[in-house]
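As structure tokens, the structure follows; a few thoughts come after it.
The values are calculated or read from the model by the stated rules, or taken from the named source; none is laboratory data. These figures come from a predicted structure and were not determined experimentally. Note that we place each Cβ from the backbone using ideal geometry, even for glycine, and neighbour counts take in every protein chain shown.
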Amino acid sequence: MIIENNKSLIRFNSFGFDVSAEHYTAVENIADLHDAICWTLEHKKPCLILGGGSNIVFTRNVEGLVIHMALKGVDITEQGKTATVRVAAGENWHKLVEKTLSRGLFGLENLALIPGQAGAAPIQNIGAYGIEVCQRLSSVEVYDTQDRCERTLPAAECDFAYRHSLFKTPAGRRYIVTAINLILSTVDAPDVTYRALIDNLAKKNIVTPSARQVFDTVCDIRTQKLPDPAVIGNAGSFFKNPVIKRQLFDTLKTNYPDLPGFPEDTGRIKVPAAWLIDRAGWKGQRSDRVGVHRAQALVLVNHGGGNGQQIAMLADKIQQDILQRYGVHLEREPMLY
Ligand SMILES: Cc1cc2nc3c(=O)[nH]c(=O)nc-3n(C[C@H](O)[C@H](O)[C@H](O)COP(=O)(O)OP(=O)(O)OC[C@H]3O[C@@H](n4cnc5c(N)ncnc54)[C@H](O)[C@@H]3O)c2cc1C
């Protein structure tokens, strides 16, 4: 295990914030991970697990040890119409989507172009275009920092929900994801239920799309819609879509008849956070060196030279404004450090 001191994290976070880690190590196997955890205990230092840094806002330098997950490997076992795919935590998510698709394994195509690593996918249960990763997961392999051993958690025990999992709760923070196990299909029958996906396929005159066509269309939409972090620093959607009571939705609807709403099984209504923020006039607003993207109200950006504190302050202002205007609390999506 190699530990570096005062390591710059500017290339390890998609906002491009210039912070450093007091100590840093990249772990390539479980033995290294075990040693890294023992090192933090021995030196009484906190640790932070870092994947691709695309869902984290650094507001300050990181105390203790940053453990960057660099475990690699994809193992595929086909059994008839399905295949189990074991993916080590440090694999790039989008490359995995491409790889499985070109091997004729289907089910991840809607989740194309999501930045970050496979090991982070279950943390917030990544989702896009009508699919969440929990729908493809059979289990999650973890290193238990409390008992210092490896475990396999069946997906059913991971408490997956919209942008949520056990791993985001105090009880789940003891676990570091070392690999994920997916069940994919060898049958090319993509899920096309998401409105924007249907509309974009229709524009291409595609009625019964293949998984490859869904993948290409998702990539097209995302490239047009979302700012590339390599060009302008960001962490994708900054707020979750709020799920509100029917009564509040009905009241809002009288004042804002064009407010979209999607009923959930619970009877509550999911409302697009982007719509609320856009209608409140935040799109394109700048504050210091950060701001709200000019085309995407849900995406906060670093215009260059900004920092995490500026982003946190801007996010607070937006949350307060949305609460005051609509009585709706917006929950942050990325982790704030
Ligand atoms: C342009 C853009 C578009 C995006 N679009 C989407 C989208 O469509 N849908 C979506 O759901 N998300 C989206 N995101 C958010 C992000 O890509 C995902 O949350 C992704 O899974 C984060 O992966 P990461 O490796 O970068 O995680 P990091 O940012 O490194 O970490 C995120 C959190 O997970 C923890 N963590 C990371 N790896 C592990 C591990 N192995 N074990 C335990 N904890 C770990 C970290 O400590 C941190 O708390 C987008 C982000 C960007 C920048």
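Data for the structure
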quantity	calculated
The one condition in (1) within 12 Å of the ligand (Cβ to nearest atom); (2) buried (at least 17 other Cβ atoms within 10 Å of the Cβ); (3) free of Cβ contacts under 8 Å to residues at least 40 places away in the same chain that Arg174 fails to fulfil	(2)
Residue pairs meeting the criteria (Cβ under 7 Å; at least 6 apart or on separate chains; first on the phi > 0 side of the Ramachandran plot, in segment 59-83; second more than 15 Å from the ligand (Cβ to nearest atom))	Gly64/Glu22; Gly64/His23; Gly64/Lys45
Qualifying residue in segment 6-26 (condition: of a type in the set (A, V, I, L, M, F, W, C) and farther than 27 Å from Met313 by Cα)	yes
Strands (runs of 3 or more DSSP E) contained entirely in segment 36-92, each with at least 2 residues that are modelled with pLDDT of 95 or more and within 9 Å of the ligand (Cβ to nearest atom)	47-50, 62-69
Residue identified as at pLDDT 95 or above, under 20 Å from Arg163 (Cα atoms) and of a type in the set (A, V, I, L, M) among Leu330, Leu323	Leu330
Residue in segment 100-117 that is more than 10 Å from the ligand (Cβ to nearest atom), assigned to a strand (DSSP E or B), modelled with pLDDT of 95 or more and not assigned by TED's automatic domain parsing to the domain that holds Asn241 present	yes
Of the criteria (1) part of a strand (DSSP E or B); (2) among the β-branched types (Val, Ile, Thr); (3) crowded, with 16+ Cβ neighbours inside 10 Å; (4) free of Cβ contacts under 8 Å to residues at least 40 places away in the same chain, which one Thr152 fails	(3)
Matching residues, segment 271-291, being over 15 Å from Ile322 (Cα atoms) and either surrounded by 21 or more Cβ atoms within 10 Å (Cβ to Cβ) or touching a residue at least 40 places away in the same chain (Cβ under 8 Å) (or both)	Val290, Gly291
Residues of segment 207-237 satisfying the condition of being touching a residue at least 24 places away in the same chain (Cβ under 8 Å) and among the hydroxyl-bearing types (Ser, Thr, Tyr)	Thr223, Ser237
Number of positions in segment 228-281 that are β-branched (Val, Ile, Thr), under 20 Å from Ile311 (Cα atoms) and either modelled with pLDDT under 95 or within 15 Å of the ligand (Cβ to nearest atom) (or both)	2
Residue count for segment 51-64, restricted to those that are crowded, with 22+ Cβ neighbours inside 10 Å and closer than 21 Å to Gln146 by Cα	1
Cβ pairs under 8 Å, 6+ apart, first in segment 107-121 and closer than 15 Å to Ala70 by Cα, second crowded, with 24+ Cβ neighbours inside 10 Å and among the basic types (Lys, Arg)	none
Qualifying position, being of a type in the set (Lys, Arg), without any contact (Cβ under 8 Å) to a residue 60 or more places away in the chain and within 23 Å of Tyr326 (Cβ to Cβ), among Lys253, Lys204, Lys240	Lys253
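This table checks each residue for (1) closer than 17 Å to Tyr129 by Cα; (2) surrounded by fewer than 17 Cβ atoms within 10 Å (Cβ to Cβ); (3) in contact with a helix residue (DSSP H, G or I) (Cβ under 9 Å, 6 or more places away or on another chain); (4) of a type outside the set (Gly, Ala, Ser).
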residue: Thr186; (1), (2), (3), (4): no, yes, no, yes
residue: Thr193; (1), (2), (3), (4): yes, yes, no, yes
residue: Phe215; (1), (2), (3), (4): yes, no, yes, yes
residue: Val218; (1), (2), (3), (4): yes, no, yes, yes
residue: Ala235; (1), (2), (3), (4): no, no, yes, no
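Results for (1) in contact with a Cys (Cβ under 9 Å, 6 or more places away or on another chain); (2) surrounded by 18 or more Cβ atoms within 10 Å (Cβ to Cβ); (3) under 30 Å from Lys45 (Cβ atoms), shown as yes or no for each residue.
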residue: Val66; (1), (2), (3): yes, yes, yes
residue: Ile76; (1), (2), (3): no, no, no
residue: Arg86; (1), (2), (3): no, no, no
residue: Glu91; (1), (2), (3): no, yes, yes
residue: Leu101; (1), (2), (3): no, yes, no
residue: Ala112; (1), (2), (3): yes, yes, no
residue: Gln117; (1), (2), (3): no, yes, yes
residue: Ala121; (1), (2), (3): no, yes, yes
